[in-house]
Structure formats: structure tokens, C-alpha cells
Amino acid sequence: MSAPFDTAKDAELLDQQVHAGSLVAASQWALIWHKFSRHRVAMVALVVVVLIYLVAAFAEFLAPYDPGKFDPRYTFAPPQQIHLFLTDEEGTRFAPHVLGYKSQVDPKSFRRLFQPDPEKVIPIGFFVEGQPYKFWGIWEANRHFLGPVDKADPFFLIGGDRLGRDLLSRTIHGTRISMSIGLVGVTFSLIIGLILGGISGYRGGLVDRVIQRVIEFIRSVPTIPLWLGLAAAMPKDWPPLQVYFAILIILSLIGWTEIARVVRGRFLSLRREDFVIAARLDGVSEFRLIMRHMMPSLYSHIIAAITLAIPNMILAETALSFLGLGLQPPIVSWGVLLQDAQNLRAITQAPWQFVPGVCVVVAVLALNFLGDGVRDAADPYAK
Amino acid sequence: MLIFILKRVAGMIPAMFAISILAFTVIQLPPGDYVSTYAAQIAQTGEAVDSAVLANLRERYGLGENVAVQYFKWIGGIARGDFGQSFEWNQPVTELVWGRMGMTALISFLTLITMWAVSLPIGIISAVRQYSVIDYLTTTFAFLATAVPEFLVAIVLLYISTMWFGVSVGGLFSPAFENAPFSLAKVLDFLQHAWIPILVIGLGSTAALTRIMRANLLDELHKPYVEAARAKGLPEGRLVLTYPVRVALNPFISTIGWVLPALISGELIVSTVLNLPTAGPLLLQALKSQDMYLAGAFILLTGGLVLIGTLISDILLAISDPRIRLS
Amino acid sequence: MSDETILKVRNLSVDFPIQKSVVHAVRDVSFDLKRGETLCVVGESGSGKSVTARAILQLVAKPGAITGGQILLDTGSGEVDIVKLGSRGLAIREVRGRRIAMIFQEPMTSLSPVHTIGHQIVETILLHEKISKEEARKRAAALLGRVRIPEPEKALDRYSFEFSGGMRQRAMIAMALSCNPEILIADEPTTALDVTTQAEILSLIRELQRDRGMAVLFITHDMGVVAQIADRVMVMFRGEKVEEAGVFDLFERPQQAYTRALLGSVLKLETPAPRPPRPVAEKPIAKIENLELHFPLNAGFMGRPTNYLKAIDGVSLTINQGETVGVVGESGSGKTTLGRTLLRVYDPTGGQVMYWPSNGEPVDIATLNKAGMKSLYGEVRMVFQDPHSSLNPRMTIYQTISEPLRTNTDMTERQMMDRVSELLSRVGLPPDIGDRYPHAFSGGQRQRISIARAVAVRPRLIIADEPTSALDVSLRHQVLDLMRDLQTEYGLSYLFISHDISVIRYFCDRVAVMKNGKIVEVGDVVQICERPQHEYTQNLIGAVPRPDPRLRADAPQ
């Protein structure tokens, strides 16, 4: 009855805020935000995640080139450095530019070797006219966020690949595919997880036992061999979009179990909560009981579970594509890009091909931190 | 205890059955049956197709009959040690899988041991010294390690060792020992090579396990029984090790159930990058060329490996936790 | 009783920093503890009594810290200041368990689940004394026998989860006494136990104390326990010492206003409250007949259950209109389950529950269909024990109270808002708090909100499941008085479930005593409390600690 002091601490803190009048009428979202915003790392992660999704959304505009545009003259062209000031006979002035390449073929290895050429000044700028594209496949446009003023000039900020394609453009477009795989895949998982986890937790009994056994079994199967097995069964002549959705479904077939576990666990404990029994004794209908009295306690937990599931999806897609059994070119995802970094020769010659890997790490890290923060804040009433 | 083990083994039967169904489904998924693929394959090479051989094969796998019959013929064969024929290697699957699976099991086992040996003490330290420098370092490292795909670590390691040290790190044996008979020197050579895949495969799961141990122990550290033990005058170090750690160990042991599948998945990818003589590269090759009996055998066996691992963890748990043993 | 002081606490302060401020959990508290005496520290939740006890053994949980004062322990060869010993190191460990031992509130979790009882006791002995393992084991067995655990030799090799709560607390006591400490600190050792078990543990502690001449510092919130075992009493409130006096003086001549208020709210519950007048001709509103609720045990996946848990085992009870019927019993007696089964939270496996609705023929709730139950939810309502878990934290007060109006009446939103405001004033809360969330309210306020929800639709019968158990004693009679006022106003009947006989005596007309799913005795509340017939009831009533030290065997005449 007399609570040990340290557990009373949080309640007391809340009391103080309440008596200060700030949170008396604060909904759960206000309380969750209040708790979340004190988690500094998670706040930073939130900003990073938003930025990454903005890149994914505006890929065509942000990328200097179309991901498929190639130029055999610039095979494995190294990254260019941006110079903000130009010094010539007229003196030094502000004029952002990059330098073009001098190239020669190494007679022994037949590789093309590049040197920056101080003679070839390539002025660059924001909102330059470049390759025309269809924004979101709808609007015609040709402005690019950043690029060479003259669109015929080479511009390889993070280098080129083995076909002389701009890796920056490809990575930006890869962001769209990789991040959307995470998001759409999780939506699929969520639908399955919510339905099966909800039934399992709300109904209980035999249905629950069966669904539990299925989940346990799926979680005990090593995922990669299974994914590979299923992906390998895809006919090779499927169009890219079909492959994309097939991969999504394959990933979701396993990804739903974690969400189902969270949903079931919450439903099971909610079902026994006094306030749910009280609502039932108020005479509310089953539908209203679930939607009005139980689901609001679930939303924040589901958001946390989703946030933590997205990075797993991204990692899984990357691994599958890397092994050559996931998405196939011409679709560009981070995993597809990393296929080029598979052998030692390719990466010793062009180590910048690791960049999509760095993107994977940053995105997964940010999502994990974000999910962690949301999970910690998800239940602002916990004592 | 014996009854407990027997019960657990009996409990594995449905799971084993489900895995075999899964493996069989993967075998069945690609369009066209195995024998026609085989015939097409041979026809491509320009050789004559012996229709008697084909008929023989059809009979053996029950092709053309219903799926249930095919399944039972397949699983019946496995019970006798016959996993079917690999058309790509033109060899019985049995001859191909065991050596490779043995290596996979060995690497996974060694990784598991290493992971525990590393994550247990680090997890304990970072829980007991919560919010200390060590704890923050561990946390940061753990987040990083779970975010980096294993294959990327493998490539970076390859890159670094080649570019900076000029040594190649692939494989599990030096060429001199590859076909040498078993000897102490060979074991040493193996260990010299094996630490790299063990490190790479175990990285992510070690990080996760450290976090779990830390969380488990933090839960236990403030339980009343710890306070009660402190009140009777136990020294702090002995107190932590004999009471909360001992209790936190139990959920830790049961993590084998999900760590093992992750390990085997990681092993697959890493061994492909590092070109190890384990199941990974062969399975990948089999899947790419739709050599389905070979692939199916691997999927079945990796599933079996996980089941055995789970059984071992259940037994360990029962030994460690009287609440499970006595109820 | 020797007058020699063994422990002097001087100006003790303990602070807990939280976020940007500091909570002063204990402020400038001083007291003495003499050899062989029992000093009770009493206070409500948050009074700092537990923190004081922990400070004496340097067990204050981080981030809390002792910020001032002295704790002087007489070691026989001079005084040692425990504050100066710090929380680590050999010096404080020599005190812990050896000179001062402690037992805790939660017997269920205070023993390690993965070590045997014997291991834990032997370990304590070997920590402080250089004797062989065999000798230590022998002494441990003797100790278990001394605290009256049956078959002590066998009990040594058993685990704590194989024992009941009372047995675990006995084992805990055996462990605390294993090195013959001079001081025993008992932090609410009986709060988590049933009243009959509490009586046994209390008499055990008292007996052991006399045998060994130990000093006991006993922390409790229960004035009845104080009256029964204390020699002296220290009252605490919000971290400060309010008053210290001999137990007889304190109960007869409390000096401070807070002590008087605390004693007043306890003593108020000792006499039955004035009852609202009732019609002479009794008309039943609900009649329970042979109600059964059996849960199958050991049911296999498909197999037949081999045994049943008989949660309710043939209960018959009548509630008349305007009457308050109490149900009293210890944990596991089935009293809460009974209340819930009446509203079909659980479906009964046998028997009848006849109910006479406001209009129409009596119905059998036990077999009523969904539509029938729906019409009943407005007439029969429930109030829960824990006001923290029975209000949805994500719904505003208005949403919570209006929910039954929404489903059981045709009120418009406007009408509901008026009704909710009216209800809130009726239960003694400001009428304009509808847009606030439950976290803005204290336990007592929340319970008032729960009561407002229950009476919102003008019910006829309320099943109240321990509505005052989670509240501090000073709030209990306030909530009970509110419920009684509402009873007069609406002509309510109550089925009032409680483990606390004093609350039952204060509030009920009749009472049923439950044990193991059965009713052992029913009768008028005064008759049951004063002249119980059944042996179990006699034990139960006899075990209740009365807040009157004059009833003690050692009371001065």
C-alpha cells in the first residue's frame, strides 16, 4: 500500500507538472511527445529520418541525372571536389565549380586512370537545367537541385560506376526504392500482424494457441535461406514492378510476426485491464470496445513496432538484392547498387561504391534510434 | 529430467514436419518439374537424352502423381539418407551437403560460444555501471553493430586487409591444408582463418545479446530479493554475480531460439562474400540455377540445426532454472 | 525492559533528486531505539517511513542519498556512525545482517527464486561467522523449526516458489535472525499477507523479540498493528517526524493535529455508520442460488480436464432492496470472482442469479442472453478496487463518465455534458474538470470519478469490489460516506466486497463470510463481528488487529 519511494517518483513528477497546470488536459499524444522530446538522440534521429524520406520523395529533382544515364568515357570516374572560389588571371572570386578529368589508359591493366584537370572548370549551381524527367511520373520538368551549369559537362560528386553512371544520382534514386520497400513492406506486415495478433490476443483459446505456434515456427526458421528459396522461385521474366511487390510480400511473410507479437501481448493484457472490463459493463458494443477503449492504448506501441520493423525490412532487401536474388536492375536500390561492390577488384578500384552501404547504415541507425525513443515514450502512464 | 528431454524431443516433431513441408514447397515452387528441367539442361549441352533414365527418375520422385505422393517419396528417401539428385553437379545431394553443413554447424557453434563469452561480461558491466562511459560506449557500439549488414562488414574487412595489409582473408584453410588429413596443425590453421567469419557473423547478434543481458540485469538489479541479499551483508560483487546475474541468465539462455536462426542467416551471406567452404555459397548457387533438391536439402538441414540448438537451450534452461525444472 | 539505547538517529535527512528539483524524502528526523523494545514508525504513503528504515542500513536506492545527520549504533565498544560508513565496504557489511537485520514487505519476491531456502540462510551465517558448512546448515534447520516451518530439514532444500506467502515470510525471518542481530528492522512485513497470516507473523516476531531481547523497528501504515505490537510509536508525515510517544499515551492523548486526524479516521471505522432507514417488508433485488464457477485444470490440448478449480462453489445469497450486503474473505476466497460472475464477466458453470428489474418479471442473469444483459448494464453497476487501472488513462473524465449514458440512454451531447457536471459536483469534485485526464487526479479523487461513472445511469444495484482498499486510511471513510449518501439519495442496494472487516462493519447491514469459494456464514453485521458462530469466522475476526492498545494482554490496568 505504501509504495516504495522510487516508484512514487514519476507519479510525483507528473503531479508537479499537473499542479503547474500544464498537462491536466493533455491527451496521450501530448504526453508521449513531451516524453519523446526529452530523448535527444531520438529527436536527432527523427530529423534524419524525415530528411531521408524527403530525399526519397524528391529523388528526381535532387539527383543531377537519371539513374540509367551512362557514359563509357567516365567508367569508374573518381569523386570530384567542389571548389567554392575560382582563382584565375582576374583574381579570386566566388564561383562554385568542379574540375573535369584528364584521363589515360594504363597500358598494363587497361584501366582508365583519371586526374582532375585544372584547365576544365565546370561551373555548377542550384536549380540548373538538366536532363528532363517526369516528377513522380506525372509532371514534366528539367530543373535539378544541384548540377553543372552546362548539362553536357561531367559531374560525379561521389564518383561513377563501371558503366560511367553517376553514383550520386543512383544512390538518391536507390533511396526511394529502399526506403519505400521498408514502408510498404511494413504496411503489409502491419495488416497481417494486426489482424492475426489482434484475433490471437482478443479471442484467446485455441485460435491463440494455433497462431502462437505458427509465429514461433516462423521465427525459428533461418530467414535468409527461406527468403532466398522463395525469391529463387520467381520466374526470371517478371517485370520489375512485379518483382518489387513479390519481394515485398516475401519479406512481409516473415516480418509480420514481430508486429503480431506486440499486438497480441497488448491485447492480452488490455483484455484484463479493469478499465476495459468497466467499459464492457457500461454496455458498449464489441466494436466500440475495441476501437474506442482498446485501440488508443495500442497506437503508440504499434508505431514503435513499425519504426523498429522498417530497418529490418531495409536490411533484408539489401541482403537479398546484394546476393542477386532480390530486386534486379534496372531497378535501383541500395542493395542492387551494392552488388557492384561484391568483389574485391571492384572495390579496390572504386571504393566509393561503398557509399550506398553507408546510406543503409545511416538509415537503419536513425530508424532504430527513433523506434527506441518512441518505444520508451509509448506508454506515458507506465509507473 | 529424462522425461523432460523426451517431452521436448516429442514436441519437436511437428516443427520438423513443418520445416520439411516448407523445404518441399520451395522445391516445388519453380515452374516445371525437376526432370524436364534436367532434360532441357542436357539437351542444351547437345548430348542425347536417354529417355529410360528420365523415366527412371520420374518413377523415383513420383513425378506426375499427386503432391502428397511426391512429398512422401521425397521424405521417405531422406529417412533412408537419400536427399535426391543434384542435376547441376550430377551427384547425389547427400554427397554434397554433409561436409558443407558440418562446416556451417561448426562455424555457427563457435560463433555462438564466442558471442556468449563476449556479450555476457560486457552486458553485466554496462548494467551494473549504468550510464558510465563503458555503458555509453557499449550502447553506441551495439546500435552501430546492429545497423551494419554483415556482408558489408565482410567486404570492408576484405578491402582493409587487402589494401592495408596485403593479405587475403577468404576461405577457412590455407591452400596447403585444404586437402590435408586432420592434424593439430590443420586445426590451428583453421582457427587462424575462422576468427574472421566468426567475428563478422557474430557482430550483430553479440551486440543484440549484450543489450538483452543489460536489460535483463537492469530489471533484476532492483528486485526486492537483491535488496534483501544486500541487507544481509553480501559484498557487492558477489551479490551481483550470485543473485541477479544468476536470474538474468535464464532469459539469456533462451535467446538461442532466435539467435541461432539469425546466425545461420548471417553465415550464409558472409560465407558467400568470404568464399567459405560452408553451405552458404552452394545453397546460393543451387538457388540461382534452380537446382532444387540440393537447395531443399540445405533448407531442411538448416531448419534441423536450429531445432537442435533450441533443444539444447531448453535443456540448459531447465538445468539452470529450478522454476522450469520443478513445474 | 532495559533503558539502554542501542541506536540513536540524529537529524537524519534523505533527498531524492528528480529532474530539476529535489524531493526531501526524510527531513531532520531524530529518534532513539532501546534494547528489547519495539518502536513502530507509522505513516501514510509518501511519509518517508520506509526510506528512514533503509537509511539505517545504507540501503537507500539511487539516486537518493543521505544528506545529513547521524545514525549512531552502540557496538558495545563505543558508537559507530553508520552514515559515515558509506554504502559499500567491509564496515557496513559487518553491520548488515550481523548487528542489524531487515525483513521486507514482499515475501513473494524478497527471496531469490533460483536458490534454495537453505542456501540463502547458510550463506548469511557463513558471511558473518567462521563455522563449518555442516554447523551452519544445522543452525539453519533449527531456525526454520523455530519460525515453525514444518519439516525444517526438507524445507532447506526447497525453493521459495514452493512456499506460500506466509511461509516465505517465516523463512525470511529465519534468515534475518540467523546471526542473532541486536536490531531487526521490519518494513511492512505483513502488509502483503492475509489477516490470519498477519496475526501469526506478528505474534512470531513478538515472541522472538522477547526470547532474544532484540530491538525491533517496525514500519507500518496500519494503526491496528501499531496498537498490537508497539512499545513506542513515531508518527511520520511528508518526510518529517510528527510525534513520538509511548503506545498507550499516543492512542489516549495524541498531541499533534495530524496524529489526531489519523487516529480519528481509523477509529471512525471502528463503529458502524448510521444506516439509512429501510422498508420493513424486505423485497429482494437479487437472489443468488447455488452459483458455481469451475475452471478446468490440467486440460490437455484435446483431452478431458482431470480436475477443476472451484472458484465459486455453490454460493447462495440474497440482496434485498436498499440493503448493503458485505462479502468478506481472504485472498483466494473467491469474493472478487463472485462479484464479477454476477455481471457475467465470467460465465457461471452452474446455479442461478435471479434479478428483479425495475419493471418486469425477474430474470436469471446466469443464463441471460446478450440483449438481456445489455438492458441490465444500466441497472447493475460495478466499482473497482484500483482507481488507477479502472479509468482509461487515454480518455477524458467526461468521456469516461458519459460512456454509460451514451450506451444506455438517448441523451444528447448537451444533456450528457450537464449530467456529467452535475455528477461531478455530487461526488465532491469541481464540475468543470470534464476535459482533464485521469493522470491529473489523486487516488481518492479517481475513486470518486469511478463512483460518478457507476451512478451516472441511476442504477439500482452496485457491486463494489474493495473500493477503499487502495486508498490511504484517511480517505476511506470519506469515500464510504459518499457511497452511503448516494444510497439514501438513489435508493441503491450494494454488494460490498472487502477483505477488511472494519470497513465492512462500518458500511454493511449484513455480511457473508467466504472461504475457498463457499460462504461459511451469513448474518447481521453486528452479530457476525461480535458473536461469530463458525470457527473460520472466529479466527478471522480474532486476527484483525484492533486499533486499541488496551486490548493487549500486556496492557496496564
>> Let me confirm something: among A:R264, A:R272, which residue is within 13 Å of chain C (Cβ to nearest Cβ) and either at pLDDT 90 or above or open to solvent by 10 Å² or more (accessible area, probe 1.4 Å) (or both)?
In response: A:R272
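Here's the yes/no breakdown for (1) at pLDDT below 90; (2) assigned to a helix (DSSP H, G or I); (3) β-branched (V, I, T):
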site	(1), (2), (3)
C:R436	yes, no, no
C:Q478	yes, yes, no
C:R484	no, yes, no
C:F496	no, no, no
C:V511	no, no, yes
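Here's the yes/no breakdown for (1) under 14 Å from A:D282 (Cα atoms); (2) in contact with a helix residue (DSSP H, G or I) (Cβ under 8 Å, 6 or more places away or on another chain); (3) within 11 Å of chain A (Cβ to nearest Cβ); (4) among the aliphatic types (A, V, I, L, M):
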{"site": "C:Q399", "(1), (2), (3), (4)": "yes, no, yes, no"}
{"site": "C:E403", "(1), (2), (3), (4)": "yes, yes, yes, no"}
{"site": "C:E413", "(1), (2), (3), (4)": "no, no, no, no"}
{"site": "C:P431", "(1), (2), (3), (4)": "no, yes, no, no"}
> Which of the residues spanning region B:260-292 are crowded, with 24+ Cβ neighbours inside 10 Å, in contact (Cβ under 8 Å) with a residue 24 or more places away in the chain and under 21 Å from B:A15 (Cα atoms)?
Replying inline: B:L260, B:P261, B:L263, B:I264
> Checking A:A45 against (1) touching a residue at least 24 places away in the same chain (Cβ under 8 Å); (2) open to solvent by 20 Å² or more (accessible area, probe 1.4 Å); (3) of a type in the set (A, V, I, L, M); (4) over 24 Å from A:P148 (Cβ atoms), which test does it fail?
Replying inline: (2)
> Do we have B:L305 as more than 10 Å from chain C (Cβ to nearest Cβ), assigned to a helix (DSSP H, G or I) and either surrounded by 24 or more Cβ atoms within 10 Å (Cβ to Cβ) or aromatic (F, W, Y) (or both) here?
Replying inline: no
>> Going residue by residue through region C:487-499, is there one that turns out to be of a type outside the set (A, V, I, L, M), over 30 Å from C:S421 (Cβ atoms) and either touching a Lys or Arg at 6+ places or on another chain (Cβ under 7 Å) or open to solvent by less than 10 Å² (accessible area, probe 1.4 Å) (or both)?
In response: yes
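Just for region C:150-170: of the residues that are more than 20 Å from the chain's Cα centre (by Cα) and within 11 Å of chain B (Cβ to nearest Cβ), which one is farthest from C:V51 (Cα to Cα)?
This residue is C:D157.
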>> For region C:105-119, which positions are more than 16 Å from B:V245 (Cβ to Cβ) and either not in a loop (DSSP other than H, G, I, E, B) or not acidic (D, E) (or both)?
In response: C:Q105, C:P107, C:M108, C:T109, C:S110, C:L111, C:T116, C:I117, C:G118
>> Of the residues C:V41, C:V22, only one is over 19 Å from B:R230 (Cβ atoms) and either modelled with pLDDT of 90 or more or among the hydroxyl-bearing types (S, T, Y) (or both); which?
In response: C:V41
> Looking at region B:123-155, which of the residues that are part of a loop (DSSP other than H, G, I, E, B) and more than 10 Å from chain A (Cβ to nearest Cβ) is nearest to B:A215 (Cα to Cα)?
Replying inline: B:Q130
> When A:R176 is evaluated against the numbered criteria (1) surrounded by fewer than 20 Cβ atoms within 10 Å (Cβ to Cβ); (2) modelled with pLDDT of 85 or more, which criterion, by number, is the only one it fails?
Replying inline: (1)
>> Step by step: first the residues of region C:335-368, then only those that are polar (S, T, N, Q) and within 14 Å of chain A (Cβ to nearest Cβ), then the one that is surrounded by the most Cβ atoms within 10 Å (Cβ to Cβ). Which residue is that?
In response: C:T341
> If you check C:E4 against the conditions, is it away from chain B (no Cβ under 14 Å), among the acidic types (D, E) and under 25 Å from C:A230 (Cα atoms)?
Replying inline: yes
>> I'd like the full set of residues that are of a type in the set (A, V, I, L, M, F, W, C) and free of Cβ contacts under 8 Å to residues at least 24 places away in the same chain, limited to region C:377-414.
In response: C:M411
>> Given the criteria closer than 26 Å to C:V114 by Cα, open to solvent by 20 Å² or more (accessible area, probe 1.4 Å), away from chain C (no Cβ under 14 Å) and modelled with pLDDT of 90 or more, does B:R238 qualify?
In response: no
>> Return the residues of region C:388-397 that are under 16 Å from C:L424 (Cα atoms) and either assigned to a helix (DSSP H, G or I) or more than 8 Å from chain A (Cβ to nearest Cβ) (or both); say none if nothing qualifies.
In response: C:I397
>> Would you confirm, using the coordinates I've provided, whether A:I259 is open to solvent by 10 Å² or more (accessible area, probe 1.4 Å), more than 25 Å from B:V26 (Cα to Cα) and of a type outside the set (G, A, S)?
In response: no
> Limited to region C:501-530, what total is found for residues that are open to solvent by 30 Å² or more (accessible area, probe 1.4 Å) and not β-branched (V, I, T)?
Replying inline: 7
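To keep it simple, each residue is scored yes or no on (1) modelled with pLDDT of 90 or more; (2) at the interface with another protein chain (Cβ under 9 Å from one of its Cβ atoms).
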{"position": "C:S47", "(1), (2)": "no, yes"}
{"position": "C:S50", "(1), (2)": "yes, yes"}
{"position": "C:I56", "(1), (2)": "yes, no"}
{"position": "C:R96", "(1), (2)": "yes, yes"}
{"position": "C:T109", "(1), (2)": "no, yes"}
{"position": "C:L126", "(1), (2)": "yes, no"}
>> Restricting to region B:308-327, and then to whatever is at the interface with another protein chain (Cβ under 10 Å from one of its Cβ atoms) and assigned to a helix (DSSP H, G or I), can you tell me which residue is surrounded by the fewest Cβ atoms within 10 Å (Cβ to Cβ)?
In response: B:L326
> Assuming B:F182 fulfils every condition listed in (1) open to solvent by 30 Å² or more (accessible area, probe 1.4 Å); (2) assigned to a helix (DSSP H, G or I); (3) of a type outside the set (S, T, N, Q) apart from one, which condition is it?
Replying inline: (2)
> What is the residue count in region C:155-194 for residues that are open to solvent by 30 Å² or more (accessible area, probe 1.4 Å) and of a type in the set (A, V, I, L, M)?
Replying inline: 2
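The values are calculated or read from the model by the stated rules, or taken from the named source; none is laboratory data. As the structure is a prediction and not an experimental result, all values here were calculated from the model. Heads up, the Cβs are rebuilt from the backbone with ideal geometry, glycines too, and the neighbour counts pull from every protein chain shown. Side chains are part of the model used for accessible areas, which takes the heavy atoms of the whole protein and leaves out ligands, DNA and RNA. Shrake-Rupley method; radii C 1.70, N 1.55, O 1.52, S 1.80 Å.
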